[in-house]
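Here, each number is a calculation from the coordinates, and none is a lab measurement. Just so you know, these numbers come straight off a predicted model, no measurement behind them. Here Cβ is always computed from backbone atoms with ideal geometry, including for glycine, and neighbour counts include all displayed protein chains.
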Amino acid sequence: MIRRAVRLELDRVSASYDARPALHRVSFHADPGEVVALTGPNGSGKTTLLRATLGLLPLQGGRISIGDRSTDRLTIRERARWFGWMPQSEPIRENIRVRQYVLYGRNPWIGAWESEGEEDHRAVDRALAAVDLSVAPERGILELSGGERQRALMARVLASEAPFLLLDEPTAHLDIGHQIDLLERVRSLCHREQMVALVALHDLNLAARFADRIVTLHRGRLVADGPVESILSPELLREVWGIVAELKRDPASGLPYLLPTLPGPVTRSTGSSFEGVVHVVGGGGAARGILQRLHEEGFLLSLGAVHLFDSDSELARDLGIPAVVETPFAPLSDAIRQRHRELIQSARAVLVAPFAVGPGNLANLQDLVDTLGARPVALYEPAGLPSRDFTGGRAECLLQELRRRGAVALTTLDEVVRWVDRVVSAPGSGPPSAASAPAGGP
Amino acid sequence: MARTGGLRGFPLRSLTYGALLAAAFVALFLLAGLLGPVAIAPLTVFHILGYEVTGGAFGGSPCGSSVDPARCATLVLIVWESIVPEILLAFLAGALLGVSGGLLQGVFRNPLADPYLLGISTGAAIGASILFVFGVGLAQANLTLPLLAFVGALLTGLVILLAARSARSSIETLLLTGVALNAFLSGGLVFTLLYNPIGNLQLNFWLLGGVFGATWSQVGLLFGGLLVVGALVVLHGRALNLLQLGGDVAQSLGLDSRRVVMRSILLASVATALAVAFTGVIGFVGLIAPHIARRLFGYDYRRVLPISALVGAILLGGAFDLSFAILPSTELPIGVPMAFLGGPFFVYVLYRYRQGSGPGAGA
C-alpha cells in the first residue's frame with residue numbers, strides 16, 4: 001500500500017501555533033524523484049510546514065494529499081510509513097548502539113505484539129550502507145562524531161523506507177564536507193528511488209546546488225516556487241532576505257552560487273509584491289466587513305486612501321494593515337495620492353468597498369482608474385445599497401469605467417473571499433520573475 | 001514477514017545476572033528466618049518451605065529431623081504464617097513500585113521521577129487517612145484501607161493525567177506539576193493528622209510502611225495485581241524506548257505518544273496504589289530500582305521494566321531482613337531501613353555516574 005513514485009501535494013494549507021498564524025494558504029507539490037528545497041529567512045514557516053505535513057500540527061485549512069488521497073485520514077502509524085522526518089535536533093541522552101537507534105526507524109512496520117525480524121534488520125543494513133555507516137553499528141551513539149551522528153539520524157529516517165523525506169536543516173551541525181556529502185546522498189537516493197525530499201535549508205548556496213526546485217516562504221506565505229535560476233532572482237533576495245545579491249554560475253563547473261554584492265541588509269519595501277497583497281479602496285466604515293473577513297482568512301491587505309480617525313482607518317491600524325492616511329477633513333493631497341497610487345501598483349488585485357464618494361475622496365477612484373493597469377478589480381456592492389454618489393454623477397462615471405475594464409460585481413462577503421482567493425493564487429499573477437518561470441509541473 | 005513474537009534470546013551475561021537474582025531471592029528468605037524474632041536456622045527454614053510448598057508430599061517432620069517436634073509446630077507457624085507472607089508481600093510491593101518507577105522515569109524522560117516524588121504515594125496515603133481519621137469503614141479495615149488508598153492514588157494519577165492532557169504542558173512542566181502536587185498533598189496529610197489525634201498512631205504506623213501482619217490473602221491479591229500490571233507493562237517497553245527520542249519524533253515513527261504517556265501514568269498509578277494499599281508509603285524503591293536495572297542491563301526499556309520489578313522486589317525484601325537486623329524485638333516498618341539504605345545509595349549513584357555515560361548523567 002506504500003508505493004513510490006507518488007506526488008505530494010499541499011493545497012492552500014494554513015496552520016497556526018496557538019492563535020499566532022504560522023502558515024497561510026501554502027500550495028505547492030513535489031513530484032517523484034524531486035528534491036525540493038524549502039527556503040526562507042528565520043521564522044518564515046519552514047519547520048512549521050514540515051510539522052504540519054507530518055501531522056504534528058493540525059491544519060487549520062487546506063489539504064495535504066499523497067497521490068489522490070488526503071493525509072488527514074491516515075493513522076499515526078500509516079503516516080510514519082509515508083513520511084520520514086529528520087528533526088532539526090534530537091536529544092539523545094542514552095548511549096544506545098547505533099544499530100538499535102536505526103532500528104527505531106522500523107517502528108511503523110512492527111506491531112505492538114511483535115519484535116523486529118529479519119526484514120527489519122535488512123532494512124537497517126541498507127540504511128546504514130546508504131549513509132556509509134556500515135562499520136559502526138555496534139558503537140554507542142554518543143561515541144560518534146557530530147557528522148557520524150547526523151548520518152546515523154539520516155539512517156534512522158531511511159530505515160522506515162518512507163517515500164517522502166522531510167528533512168529539517170539536515171546540514172545544520174555539519175562541516176562543509178559533510179554537508180555536501182549528505183545532500184548528495186539525499187539527491188541521488190531521490191533520483192534513483194523515485195523518492196521525494198522536502199529539505200528545509202538556510203544555506204541558499206546548498207539549496208541552489210542540490211535542489212531540483214526551490215520553494216520560498218516568507219512570513220508563512222509561499223512567495224516563490226520554481227527552478228533555481230528563475231526563483232533566486234535579485235528581486236526575491238532583496239524582498240525576502242533583505243540582501244542585494246545575484247545568482248551566478250561558476251564557469252568551470254557550471255555550479256550555481258550566490259554572490260551578495262552589498263554587505264548589510266537593505267530596507268525592504270512595504271507590501272511586497274511577492275506576497276500577493278490585495279488593496280482595498282474604502283472609507284467611512286464601508287470596508288469594515290471586507291477588512292475583518294479577509295484579515296481573518298489570512299490574506300495580506302492594504303487600504304487607501306482614508307482619513308485619520310475614519311473608522312476604516314482605525315480598524316486598519318488595529319489589524320496592522322498598511323494604509324494611506326490623510327489628515328481629517330482635508331481633501332486628498334498630492335503626496336497622499338502619490339502613495340495611494342504606489343500601493344495600488346504593488347498590489348496584486350484591488351477591491352472597491354461600497355464607500356460613499358464625495359468631492360473629498362473622489363480622487364481615490366480617479367487614481368484607481370489611472371493606475372489599475374491589468375490588475376483584477378472587483379466592486380463589492382451588497383444588495384440594498386443606498387446611493388453612494390455625492391459628486392453629481394462623476395463617481396458613477398468612474399465606476400462605469402471600472403466595470404467596462406472587467407470589474408467584477410460581488411454582493412456577499414463569501415463571494416469576496418472566493419474572488420480574492422482565486423486572483424491571489426492564480427498562476428501568472430505572481431511577481432514577474434516567478435511568473436515567467438514554469439511552475440514546476442502542471 | 002519473519003518477525004518473532006516475544007523476547008529474543010538473552011545473552012550469557014543476562015543469564016548470569018538472572019542466576020544471581022534467583023540466588024538473592026532464596027538468600028533473603030533464609031536470612032529473614034535467621035534474623036527474625038526467633039532465630040531459625042536456614043536449613044530449618046528450607047525444610048519448612050519445602051514441606052509447605054509440596055504439601056508434605058514427602059512425609060517426615062516439617063522442620064527436618066534435627067528439630068524438636070514440639071518446637072516444630074511453633075516454627076512452622078512463624079515461618080509459614082508470618083515471615084513468608086510478610087516477605088512475599090515485601091517482594092510484591094517492591095516489584096510493583098519498581099515497575100511504577102521504571103514507567104514514570106521512561107515517560108518523563110527523567111531519572112528523578114518516581115511515584116513517591118510525583119505524589120501518587122502521598123495521594124494513596126490521603127485516601128487511607130480518611131479511614132483512620134474519620135473512622136470511615138474501620139470495621140472492615142482490611143478491605144476498605146486498600147480501597148481508599150487505591151482511590152487516592154488513582155485520583156492523584158488522574159490529576160497528573162489531566163495536566164498531561166492540556167496541550168501546552170511539556171514533560172518538564174508535568175514533572176513539576178507532580179512535585180507541586182506532592183507538596184500540596186503532604187500538607188493535606190499533616191492537616192488530617194492534626195484533625196484527629198486518636199487515629200494518628202495507626203495512621204503513622206501505616207505511613208511509615210510495613211508488611212507486618214501480612215496474610216496469604218493479601219499476598220494472593222497483590223500477586224494477581226502484579227500479573228495484570230506486568231502483562232500490560234511488557235507491551236510498553238518498545239514505546240518507552242521510542243519516547244526517549246521525544247514525543248514528536250516518537251509520533252513521527254508511528255507511535256501515538258500522547259496515548260502512551262497517558263496509559264503509562266495510569267498504569268504506574270495502579271501499580272503504586274496496589275503496593276501502597278497493602279504496605280503503606282514506602283519511598284525510594286521506585287526511584288532506585290530502575291537505576292540499578294539500567295546499570296545492569298542497559299537502556300532498553302523492554303528489559304528495564306521487568307528488571308526494575310525484580311530489583312525492586314529484592315530491595316524491599318532486603319529492607320525487610322534489615323528491619324529485623326536493626327531492631328529484632330520490635331516491628332520496625334520496612335520504610336525505615338529502605339530510607340536508610342535508599343537515601344545514601346541514591347546520592348552515591350548520582351555522584352558516581354554524574355560525569356560520563358552513567359544513568360545518573362541525565363539528572
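Some observations on this one:
- Sequence ranges A:149-158, A:384-393, ranked by mean other-Cβ count within 10 angstrom, highest first: A:149-158, A:384-393
- The residues neighbouring A:ARG187, those whose beta-carbon lies less than 13 Å from its own, together hold a net charge of -1 under the Lys/Arg +1, Asp/Glu -1 convention.
- Other residues within the sphere of radius under 9 Å centred on the Cβ of A:PRO376, judged by their own Cβ, net out at +3 (K and R +1, D and E -1).
- Taking the Kirkwood radius as Rh and the Cα radius of gyration as Rg, the range A:1-83 has a ratio of Rg/Rh equal to 0.95.
- The value of relative contact order for chain A, using C-alpha pairs under 8 Å at least six residues apart, is 14 percent.
- Within-10-Å neighbourhood charge of A:GLU148 [Cβ basis; K, R +1; D, E -1]: +1
- Degrees separating the helix B:335-352 axis from the principal Cα axis of chain B, which is the longest one: 50
- Our coupling estimate for the range A:311-317, obtained by passing each phi through the Karplus curve with A = 6.51, B = -1.76, C = 1.60 and θ = phi - 60°, is 5, 5, 5, 5, 4, 4, 5 Hz, Gly and Pro reported as x.
- Beta bridges by DSSP in chain A, antiparallel share as percent, to the nearest 5: 40
- Shape call, the range B:91-131: gyration tensor on alpha carbons, a/c limit 1.5: oblate
- Within 10 Å of the Cβ of each residue in A:97-108, the mean number of Cβ atoms contributed by other protein chains is 3.
- Label positions at B:THR215 and A:ASP11, each projected 7 Å from the Cα along the C-beta direction, are separated by 6.8 nm.
- Cleavage-rule hits, chymotrypsin sites (Phe, Trp or Tyr not before Pro), the range A:283-378, DSSP coil, Cβ neighbours within 10 Å at most 13: A:PHE309, A:PHE329
- Helix axis angle, A:362-371 relative to chain A longest principal axis, alpha carbon, degrees: 50
- An ellipsoid equivalent to the range A:278-425, defined through the eigenvalues of its Cα gyration tensor, has semi-axes of 20, 18, 15 Å when rounded to whole angstrom and sorted largest first.
- Within the protein assembly as shown, DSSP assigns beta bridges of which about 40% are antiparallel (rounded to the nearest 5).
- For A:SER302, distant residues with modelled amide H under 5 Å away: A:VAL278, A:HIS279, A:VAL280
- Computed Kirkwood radius, in angstrom, where 1/r is averaged over Cα pairs of chain A: 24.2
- Peptide-level mean, for A:85-92, of C-beta atoms on other protein chains within 10 Å: 3
- Normalised by 2.2 N^0.38 Å, where N is the number of residues, the C-alpha radius of gyration of the range A:8-257 stands at 1.02.
- Remark: relative contact order (chain B) = 27 percent; criterion is Cα-Cα distance under 8 angstrom and separation of 6 or more residues.
- Shielding of B:253-265 by partner chains, average beta-carbon count, 10 Å: 3
- For the range A:184-191, Karplus couplings with θ = phi - 60° (6.51, -1.76, 1.60), whole Hz, Gly/Pro x: 5, 5, 4, 5, 5, 4, 5, 5
- Residues in the range A:64-77 carry Karplus couplings, in order, of 10, 10, 10, x, 10, 10, 7, 7, 6, 8, 6, 6, 4, 5 Hz; the curve used is 6.51 cos²θ - 1.76 cosθ + 1.60 with θ = phi - 60°, and Gly or Pro positions show x.
- Tilt relative to chain A, helix A:334-346 - C-alpha long axis, 0 to 90 degrees, to 10: 40
- The range A:8-257: antiparallel DSSP beta bridges as a percent of all, rounded to 5: 55
- Amide H contacts of A:ASN361: none lie under 5 Å away among residues 5 or more positions distant or on a separate chain (H built 1.01 Å from N in the peptide plane; Pro and chain starts excluded).
- Note on the protein assembly as shown: Rg/Rh from Cα positions, Kirkwood definition for Rh, rounded to two decimals, is 1.13.
- Relative contact order of the range A:278-425, pairs being alpha-carbon contacts under 8 Å that are 6 or more residues apart, as %: 24
- Dimensions of the range B:43-95 from C-alpha coordinates, computed as largest minus smallest value along each principal axis and given longest first, are 35, 21, 16 Å.
- Sum of -39500 (n - 2.57) over DSSP H runs of 4+, divided by residues of chain A (222 nm, nearest 500): -10000 deg cm²/dmol
- For A:SER14, distant residues with modelled amide H under 5 Å away: A:ARG25, A:VAL26, A:GLN60, A:GLY61, A:GLY62
- From the C-alpha gyration tensor of chain B, square roots of 5λ in Å: 35, 27, 18
- Compared with the direct C-alpha span, the chain from A:GLN366 to A:LYS248 gains 38.1 nm at full extension, assuming 0.36 nm per residue.
- Order of A:CYS397, B:CYS63 under a 10 Å beta carbon neighbour criterion, fewest first: A:CYS397, B:CYS63
- Shape category assigned to the range B:189-315 from the gyration tensor of Cα positions, a/c cut at 1.5: prolate
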